[in-house]
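Scroll down for the structure; my scribbles are underneath it.
The values are calculated or read from the model by the stated rules, or taken from the named source; none is laboratory data. Note that the structure is predicted; figures quoted are calculated from it, not measured. Positions of Cβ are backbone-derived with ideal geometry, glycine not excepted, and every protein chain shown enters the neighbour counts.
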Amino acid sequence: MRTSARTARRRAAAVAALGALAALAAPALAGCGIEPTEVIEVGQPAQGAKRPGVPVTEARLYFAFPGGLEPRSRPAGGVVSAEMAVPLLLQGPNEAERAQGLYSELPRMRPGGVEVVTGEGTVTIRLSIDPTRLSPIARNQLVCTASHNGVPGDPRPEDVRVDLTGAGKDLKGLVCDSELVVSKASPTAPPAASVLTPG
């Protein structure tokens, strides 16, 4: 019994000593610029696609880059739908994205000139211009952005069908052309590029 009591006292003393050392070490580490951090998600999975069943809490936008398309993720405060992401795409790349060589082949459109409607596994983007006159890169900027953000039914991006309509012309059943995507990984843009809900 005495041996057990002694062992218990020794363990308690050791735990107390470790706790004291940890308390002393924390300010020292902070003084060296080392602070405790939480896990921070950066960008999307290596394939550059959203995962079915996982809510989209960042806007995934596809911009033009020499040779194809480059995805970029912008942090968001909540779930991002295709209806929210497409208007953000139409605003073009932000300053940090432009500095990385990204640009948009989409023409400027008047405010309110684009309407995005989603259904089960589908997105319809109504434009104020003829979609058949858009370049393949510009079309896929719209299609890839729409399909990689929140769509009812939470389908895989490659299963989303996108219709582009405008000026009496239609392009139906489009899917994101993965062959045009230059980088499958999608670095997260700086906090300054946070999502703003379109008015």
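Here is the figure for segment 121-157: residues that are β-branched (Val, Ile, Thr) and more than 13 Å from Leu106 (Cβ to Cβ) total 5. Does Arg126 meet the test of being among the basic types (Lys, Arg), touching a Gly at 6+ places or on another chain (Cβ under 9 Å), surrounded by fewer than 18 Cβ atoms within 10 Å (Cβ to Cβ) and at pLDDT 95 or above? Judged against the criteria, Arg126 is a match.
This table checks each residue for (1) among the small types (Gly, Ala, Ser); (2) in a helix (DSSP H, G or I); (3) touching a Pro at 6+ places or on another chain (Cβ under 8 Å); (4) buried (at least 21 other Cβ atoms within 10 Å of the Cβ).
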{"position": "Phe63", "(1), (2), (3), (4)": "no, no, yes, yes"}
{"position": "Ser73", "(1), (2), (3), (4)": "yes, no, yes, yes"}
{"position": "Gly78", "(1), (2), (3), (4)": "yes, no, no, no"}
{"position": "Ala85", "(1), (2), (3), (4)": "yes, yes, no, yes"}
{"position": "Arg98", "(1), (2), (3), (4)": "no, yes, no, no"}
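Within the option set Met1, Met109, being touching a helix residue (DSSP H, G or I) at 6+ places or on another chain (Cβ under 9 Å) and at pLDDT below 95 holds for one residue only, Met109.
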